[in-house]
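Scroll down for the structure; my scribbles are underneath it.
The values are calculated or read from the model by the stated rules, or taken from the named source; none is laboratory data. Because the structure is a prediction, the values reported are computed rather than measured. Positions of Cβ are backbone-derived with ideal geometry, glycine not excepted, and every protein chain shown enters the neighbour counts.
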Ligand code: LRH
C-alpha cells in the first residue's frame, strides 16, 4: 500500500491552519503548511468572523499542499453563514462571543421549557448555541436568507459549490435530535428556519464532491481533489485523535475551550445530566460526545493579551515556570462564570470572582496564572468525575489533547485534581482526527475508531503525568 496525502483545514479560535498528512496503515505524519491568525473581529460593538480573509488563507495553505487526495475542514461549533438566493454570503457571519444572545435562553424558556429542550436536543445550556443566535437574527437577516451553512460547511461550499450539513457540526446547534441524529422539525420551525434552508445532513466520513475549477486554478491542486466531510466540529475531530486504548478513558480537548467528557454509544438525557450541564454532541461512527464545555485556556490567553497591551511581561514560558513555584492551595474561581466569556479585562474579573468566593485575590502575574490553571484543573476533574457518574462508566485514564497538552503545569495539576494519570498529546489531535476520517473514507485506512486511535498512539509523541499526593505536590 502506498502513502497517500491529505490536507486538513482546522480553523481554531486563536489560529487557523492548513496541514498536510502522509498516511498509510503504519504511518501518520503531519506537516504544517500555513498557520494564520484567527479571532473575533470587533466592529461597532459586535463580533464577526473574518470569513473572506480566512478563505484567502485556506487557498494559500492549499496552494502549498501539492499532491493531496482530499481536503477536510473543521471549525469551532455553533456559528454559521446565511446565503442569499444566488448563493452569496448575505452578511459577515457573527462570532459567538458577540453579546447579541444575552438573555435569549431565558426568552426561549417561555416557548420551550428547558427540561423539554434538553430531552429533545441533549445540549448544555449556553447562550452561544445556534438556536439562540438564530433567534437574535429572526427579525433581521433570517427572512432574507435562502441558505444557512454552518462554518465548516460554508468553506466546503466555497471549495466545491456543493451545500451539505455535516452531522457533528449540526449537533452544536441545539436543533438536532441526538437519538435520531436528525433535525427536530418543531424546533427548526420555532427558530424560524425551514428545513430547506439547510443542506441535507451527512454523517462524517462522507465523500462530498470535487473542488471547483476556480479553486483548482487558484491553488494548483488537481481538479480531482475531493472534499471529504470529516468530524467538522473541531471537537469531534479532536476526539477521533485521542490516542486511547480500550474504553475506560475520559478526554479533555483543551485549547481555547476545554471540552471534558467521555465517548458513549447513546445520549444521556436525564434531568441529572441537564442539571450537571452536560452536552450530548454527535461524534464520528454514531458515537456521542458526552462532555461539558469548560471555559478553557481562553481565560489565560486573555490575561496575556491584557498584560501585553499594557506593556507588561506576557511571555508564557517564564510565567508558567513562575506559576509552578507558587504554593498549592491558592485561590480557585469558577472558570465557567459567564462574565469571562467576552473579550475584556480578565484579571479584574478574576479578582472579582475570587473576592466574591471569599478567597484571596491573586495579585502578581504568576499568581493569576496559577489561579487560572488551578481553577481549570479543578473544573476538568469535576467534569470527568461527573461524566463517569452520570453515564455509569469507569474512567481510569484522562487524555488531554490540543494546545493545552503543551502546558505541563496544567497537565500535572489536572492529574492531581482528578487523581488519575493524564496522557498529554497530541497537540494537533484535531487535524489528526480530520485526516484519519478522510483517509478511512477514501479507503486508505480501515477499521473502527479504536484502530484509528491505535495509529495515533503508535505514531505521535505522548507524555504521561501521574497524580501526586498533596504532600508531593507541595514539595
Ligand atoms: C471548541 C468549540 C467547542 C464549542 C465552542 C464554540 O473549539 O468548538 O466545542 O462548540 O468551540
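Just a few scattered comments:
- Flag if residue 133 is within 16 Å of the ligand (Cβ to nearest atom), in a helix (DSSP H, G or I) and at pLDDT 95 or above: yes
- Matching option when the condition is more than 30 Å from residue 242 (Cβ to Cβ) and out of contact with any strand residue (DSSP E or B) (no Cβ under 9 Å at 6 or more places or on another chain), among 375, 339: 339
- Here residue 29 meets the list (1) within 24 Å of residue 299 (Cα to Cα); (2) surrounded by fewer than 17 Cβ atoms within 10 Å (Cβ to Cβ); (3) more than 16 Å from the ligand (Cβ to nearest atom) almost entirely, failing just condition (1).
- Here residue 287 clears all of (1) closer than 26 Å to residue 100 by Cβ; (2) under 18 Å from the mean Cα position of the chain (by Cα) except the condition numbered (1).
- Residue 437 vs. criteria within 19 Å of residue 20 (Cβ to Cβ) and either free of Cβ contacts under 8 Å to residues at least 24 places away in the same chain or surrounded by fewer than 22 Cβ atoms within 10 Å (Cβ to Cβ) (or both): no
- Taking the range 255-266 as the range and being within 16 Å of the ligand (Cβ to nearest atom) and touching a strand residue (DSSP E or B) at 6+ places or on another chain (Cβ under 8 Å) as the test, the residues that pass are 257, 258, 259, 260, 261, 262, 263.
- Checking residue 107 against (1) surrounded by fewer than 24 Cβ atoms within 10 Å (Cβ to Cβ); (2) under 17 Å from the mean Cα position of the chain (by Cα), the condition it does not meet: (2)
- For the range 85-100, the tally of residues that are outside any loop (DSSP other than H, G, I, E, B) and at pLDDT 95 or above stands at 2.
- Screening the candidates 61, 66, 53, 77 for the property of being touching a strand residue (DSSP E or B) at 6+ places or on another chain (Cβ under 9 Å), in contact (Cβ under 8 Å) with a residue 24 or more places away in the chain and surrounded by fewer than 20 Cβ atoms within 10 Å (Cβ to Cβ) yields one hit, 66.
- Counting only residues that are closer than 30 Å to residue 4 by Cβ, within 16 Å of the ligand (Cβ to nearest atom) and either in contact with a helix residue (DSSP H, G or I) (Cβ under 6 Å, 6 or more places away or on another chain) or in a strand (DSSP E or B) (or both), the range 68-84 holds 5 of them.
- Of the residues making up the range 216-254, those that are within 16 Å of the ligand (Cβ to nearest atom) and farther than 20 Å from residue 33 by Cα are 231, 233, 235, 236, 239, 240, 242, 250, 251, 252, 253, 254.
- Of all residues in the range 148-170, none satisfies being over 20 Å from residue 234 (Cβ atoms), out of contact with any strand residue (DSSP E or B) (no Cβ under 7 Å at 6 or more places or on another chain) and not in a loop (DSSP other than H, G, I, E, B).
- Residue 292 crowded, with 18+ Cβ neighbours inside 10 Å, over 20 Å from residue 409 (Cα atoms), modelled with pLDDT of 95 or more and more than 16 Å from the ligand (Cβ to nearest atom): no
- Filtered residues of the range 327-346 (kept if crowded, with 19+ Cβ neighbours inside 10 Å and more than 24 Å from the chain's Cα centre (by Cα)): 331, 332
- Residue within the range 270-278 that is within 16 Å of the ligand (Cβ to nearest atom), in contact with a helix residue (DSSP H, G or I) (Cβ under 9 Å, 6 or more places away or on another chain) and assigned to a helix (DSSP H, G or I) present: no
- Among the residues here, residue 172 qualifies as buried (at least 20 other Cβ atoms within 10 Å of the Cβ) and either away from the ligand (no atom under 16 Å from the Cβ) or under 26 Å from residue 294 (Cα atoms) (or both).
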